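Enquirer: Got a structure for you, written out below as structure tokens; questions coming shortly.
The values are calculated or read from the model by the stated rules, or taken from the named source; none is laboratory data. Because the structure is a prediction, the values reported are computed rather than measured. All Cβ positions, even for glycine, are placed from backbone atoms using ideal geometry, and neighbour counts span all protein chains on display.
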Amino acid sequence: MKTRILSLIAGTLLSSGAAHAASLEVKVTNLTQGIYFTPILISAHTGDAMLFKTGEKASEALQAMAEGGSLDGLNTILTGINANTVSNPAEGLLAPVTSTMADLETSDGNDKLSIVAMMLPTNDGFIGLNSWQIPSEAGTYHVYLNAYDAGTEANNELVVDGSGAPGVLGIPASPGAAPGTLGTGVTEDEANEMIHIHRGNLGDDDASGGKSDLHNTVHRWLNPVAKVTITVK
């Protein structure tokens, strides 16, 4: 039996046995000191679908989210497979050391939980929870999320207006701390074009030059970058 490909990427087969509906409360906390999360996507879906998979190419929908924060493509796909989804529970950006909450009612069979959001300022960095098994037992569960690189854009670390569209090089915005200017660019290409753990922003301490427009005292991070608290009722 082959796994379905749902315009995302191939996933794992739905595990045997009945998968029942559940009521979830999902809390996402930004653990970074200077990185913002764009509108967050929280989805419960079947086990034969994944939003992303490390070591494989990003879908166009994932690329749009990772480079510009757009959830439109992912939402369209998830709607098409009858996933249960909450988009943008924070009603905008999620600032450092803040949290947002969402209630999610899942349908029978939608027993995998996924979460994504772009990280700003990055070129194509995102937080990711990938097809986490929703427990059948009521209780509170904690999951820590790493930062991923979509592999679709060079991490030049230059802030460029209008660069949020896929294929347009640059970071679309630097909320919280004004970016530097006149950076020459950290790199023009990346050897790894697959989804992988993000190396982190490098930044520099030159506000009007250097290689990066990002600040090495503000925009760097270590994994994990987010904490998710899931309450199964």
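Enquirer: Being touching a Lys or Arg at 6+ places or on another chain (Cβ under 9 Å) and part of a loop (DSSP other than H, G, I, E, B) narrows it down to one residue among Gly109, Gly151, Gly167; which is it?
Expert: Exactly one of Gly109, Gly151, Gly167 is touching a Lys or Arg at 6+ places or on another chain (Cβ under 9 Å) and part of a loop (DSSP other than H, G, I, E, B), namely Gly151.
Enquirer: Scan segment 207-233 for residues that are farther than 20 Å from Val97 by Cα and either in a loop (DSSP other than H, G, I, E, B) or basic (Lys, Arg) (or both) and jot them down.
Expert: Correct list: Ala207, Ser208, Gly209, Gly210, Lys211, Ser212, Asp213, Lys233.
Enquirer: Any residue in segment 137-145 that is in a loop (DSSP other than H, G, I, E, B), at negative phi and either in contact (Cβ under 8 Å) with a residue 24 or more places away in the chain or not aliphatic (A, V, I, L, M) (or both)?
Expert: There is at least one residue in segment 137-145 that is in a loop (DSSP other than H, G, I, E, B), at negative phi and either in contact (Cβ under 8 Å) with a residue 24 or more places away in the chain or not aliphatic (A, V, I, L, M) (or both).
Enquirer: A further question follows. Restricting to segment 65-112, give me the number of residues that are touching a helix residue (DSSP H, G or I) at 6+ places or on another chain (Cβ under 9 Å) and buried (at least 16 other Cβ atoms within 10 Å of the Cβ).
Expert: Residues flagged as touching a helix residue (DSSP H, G or I) at 6+ places or on another chain (Cβ under 9 Å) and buried (at least 16 other Cβ atoms within 10 Å of the Cβ) within segment 65-112 amount to 10.
Enquirer: For segment 197-207, state whether one or more residues are within 23 Å of Gly69 (Cβ to Cβ) and either free of Cβ contacts under 8 Å to residues at least 24 places away in the same chain or acidic (Asp, Glu) (or both).
Expert: no
Enquirer: Picking from Leu41, Leu8, which residue would you name as being at pLDDT below 95 and surrounded by 16 or more Cβ atoms within 10 Å (Cβ to Cβ)?
Expert: When all the criteria are applied, what remains is Leu8.
Enquirer: Looking at segment 198-227, which of its residues are under 22 Å from Ala95 (Cα atoms), surrounded by 13 or more Cβ atoms within 10 Å (Cβ to Cβ) and either hydrophobic (A, V, I, L, M, F, W, C) or in contact with a helix residue (DSSP H, G or I) (Cβ under 9 Å, 6 or more places away or on another chain) (or both)?
Expert: Those that are under 22 Å from Ala95 (Cα atoms), surrounded by 13 or more Cβ atoms within 10 Å (Cβ to Cβ) and either hydrophobic (A, V, I, L, M, F, W, C) or in contact with a helix residue (DSSP H, G or I) (Cβ under 9 Å, 6 or more places away or on another chain) (or both): Leu202, Leu214, Val218, Trp221, Val225, Ala226.
Enquirer: Could you say which residue among Ala44, Ala58, Ala66 is assigned to a loop (DSSP other than H, G, I, E, B) and within 15 Å of Gly128 (Cα to Cα)?
Expert: Ala58 is the lone residue from the list that is assigned to a loop (DSSP other than H, G, I, E, B) and within 15 Å of Gly128 (Cα to Cα).
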